[in-house]
Amino acid sequence: METTSFGRAIRPLWPLDEDVVFLNHGSYGAAPRAVLVAQQHWRDRLEANPVNFMKRVLPEALEQAKARLAAFLAASPSDLAFVDNATSGVNAVLRSLDFRPGDEILINSHTYNAVRQTVRHVAARTGAVPVEADIPFPLSGPQPILEAISARLGARTRLVILDHITSPTATIMPLAPLIDAAKAAGAAVLVDGAHAPGMLPLDLPAIGADYYTGNCHKWLCAPKGCAFLWVDPARQAGIHSLTISHYYEKGFGAEFAWTGTRDPSAWLAVTAALDFLDELGGLEAVTAYTHRLAHEAAAMLAAAWGTEVGGPPDMRGSMASIRLPDRYADPSLTAQMVMDRLWSEHRIEIPILRFAGQPWARISAAPYSEMAEYAMLNQAIGEG
Ligand SMILES: Cc1ncc(COP(=O)(O)O)c(C=O)c1O
C-alpha cells in the first residue's frame, strides 16, 4: 500500500461505519484493517498450536515487537514493558510504590479521572494524601500550569503525575519545566502519556520522568489493549506488574512479559501499526496533516460559534477543545444531552464535556478526518 493523501480518500483503510462522522479518535483510537489482519494472523498462529506458540514463539516475537516499539520511542527495550492500557500502566506504578502516611501524590484538575480514582484508592490504603493543583482553563500559555503545580509542590510531595496531553482539555503539558520543578522538590514523576504516541515525537529517556506510560491503541492505531510502561532503569526494581505471576522478582521485563495466559496479539501487532504509520508517510507527515487539520477546524468552529479554543496552538496537537456557543452554557442542558442529540440526529461522534463551568467539544483529527466533517459538527451545533 502506498498512500499519498489523507482524509476521506483513505478512510476505507479503516473499518469505520460509513455513515458516522467520527470526530472522536481520541477516546479509543481506531485500528486500520491492515493492522487488524496482522493481529488476526498472530491469533491464528497461536491457536494452531497454543503450547508451541506460548512456549517457543511468543518470547522471541514479543522481544521483537518491543524492540521495534522501543526504537520508535528512542528507548532501550529493556526499559519498556507492554501493558494493556495506560490505566494499567498508571496502576502498576501507583500500586508498586510503598507510600507512607503523609506522603503526597500530586495530580491536577486536568488529570484523567481513572487516574484520580487510582490515586484515591492507593491513598486510602497507605495513608498517602492526594493533592490536586487547580489549573485554570482556557489557557493562554504554559505559565498558569507551572504556577498551579509549583504552588502545590512541597517537602512531602512523593510523586507528581503529569499528563503529557490532557484528556478533558486536549492540552499538551509543558513537561520539561514541570519535571524540573518536581525533581527540584525531590519528587518522582509519572507521566501519563495516553495520547502521546502517534501524536507527538517521543524520546522517552530525554523527557526526564521516572515512569512513562502510553497507549499505542489511540494515535498509533494499534489494536485495543496495546500500551506500554517505560521505567527509568534506576527505578525498575520496585515496580511490579499488576498481576503477579511466575516471574515475580525475575526482573522488570520478565515480570511484565508474562502475567498469566492472555491474548498477546494486540502487543505483537504493534509492528503492523508502525508499518502502517510508515506507509502513510511516517509520523512527521501524519502529524503535519492532523495537527494542521485540528488547528484549522478549531479556528473555524470557534469563529462560527463566537467562542474560543481552549489553548494556544503550540499547546495542541491532533485534538482541540472548543467552547460551545453561549446558549449551551445553560446548566439544564447537560453534556450528555448534547452528545445524544448529535449522535441520534446527525450520527456525529464527539465528546462534549463541562469543564471549569463551561461546555466544550473536544475534536480529534485523525489521518482519515477532513474539514467537511467539522463543518457538519458546526451545522449540527448551530441547529441546537
Ligand atoms: C490522559 C489519559 N490517561 C489515561 C487514559 C486511559 O486510557 P486507557 O483507557 O487506554 O487506559 C486516557 C484515555 O483517554 C487519557 O486520556
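The values are calculated or read from the model by the stated rules, or taken from the named source; none is laboratory data. Bear in mind that the values here come from a model prediction, so they are computed numbers and not experimental data. Neighbour counts run over all protein chains shown; Cβ positions are idealised from the backbone, glycine included. Areas reflect the complete protein model, heavy atoms only, side chains present, ligands, DNA and RNA absent. Shrake-Rupley method; radii C 1.70, N 1.55, O 1.52, S 1.80 Å.
Results, tabulated for the structure shown:
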item	result
Unique match (being aliphatic (A, V, I, L, M), in a loop (DSSP other than H, G, I, E, B) and open to solvent by less than 50 Å² (accessible area, probe 1.4 Å)) among 65, 31, 61	31
Any strands (runs of 3 or more DSSP E) falling wholly within the stretch 314-384 and containing at least 1 residues that are buried (at least 23 other Cβ atoms within 10 Å of the Cβ)	319-323, 358-364
Any chance residue 147 is of a type outside the set (S, T, N, Q), within 30 Å of residue 277 (Cβ to Cβ) and open to solvent by 60 Å² or more (accessible area, probe 1.4 Å)	no
Residue 267 vs. criteria assigned to a strand (DSSP E or B) and either among the aromatic types (Phe, Trp, Tyr) or open to solvent by 40 Å² or more (accessible area, probe 1.4 Å) (or both)	no
Contacts under 7 angstrom Cβ, first residue in the stretch 8-24 being acidic (Asp, Glu), partner open to solvent by 30 Å² or more (accessible area, probe 1.4 Å), 6 or more apart	19/347
Verdict on residue 188 being out of contact with any helix residue (DSSP H, G or I) (no Cβ under 6 Å at 6 or more places or on another chain), surrounded by 17 or more Cβ atoms within 10 Å (Cβ to Cβ), at negative phi and small (Gly, Ala, Ser)	yes
Segments classed as helices (runs of 4 or more DSSP H), wholly inside the stretch 83-181, with at least 2 members that are more than 15 Å from the ligand (Cβ to nearest atom)	113-126, 143-152
Some residue of the stretch 82-95 being surrounded by fewer than 18 Cβ atoms within 10 Å (Cβ to Cβ) and outside the structural domain of residue 369 (by TED's automatic domain parsing)	yes
Residues being touching a Gly at 6+ places or on another chain (Cβ under 7 Å) and in contact (Cβ under 8 Å) with a residue 60 or more places away in the chain - total across the stretch 191-215	8
Breaking point among (1) among the small types (Gly, Ala, Ser); (2) in contact (Cβ under 8 Å) with a residue 60 or more places away in the chain; (3) within 30 Å of residue 13 (Cα to Cα); (4) in a helix (DSSP H, G or I), for residue 281	(4)
Breaking point among (1) buried (at least 21 other Cβ atoms within 10 Å of the Cβ); (2) over 20 Å from the mean Cα position of the chain (by Cα), for residue 120	(1)
Filtered residues of the stretch 293-306 (kept if surrounded by fewer than 21 Cβ atoms within 10 Å (Cβ to Cβ) and either in contact (Cβ under 8 Å) with a residue 12 or more places away in the chain or in contact with a Lys or Arg (Cβ under 6 Å, 6 or more places away or on another chain) (or both))	295, 296, 300, 302, 304, 305, 306
Considering residues of the stretch 197-237 that are under 10 Å from the mean Cα position of the chain (by Cα) and near the ligand (Cβ under 9 Å from one of its atoms) only, the residue surrounded by the fewest Cβ atoms within 10 Å (Cβ to Cβ)	217
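Conditions (1) outside the structural domain of residue 11 (by TED's automatic domain parsing); (2) within 18 Å of residue 29 (Cβ to Cβ), marked per residue:
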residue: 228; (1), (2): yes, yes
residue: 241; (1), (2): yes, no
residue: 259; (1), (2): yes, no
residue: 293; (1), (2): no, yes
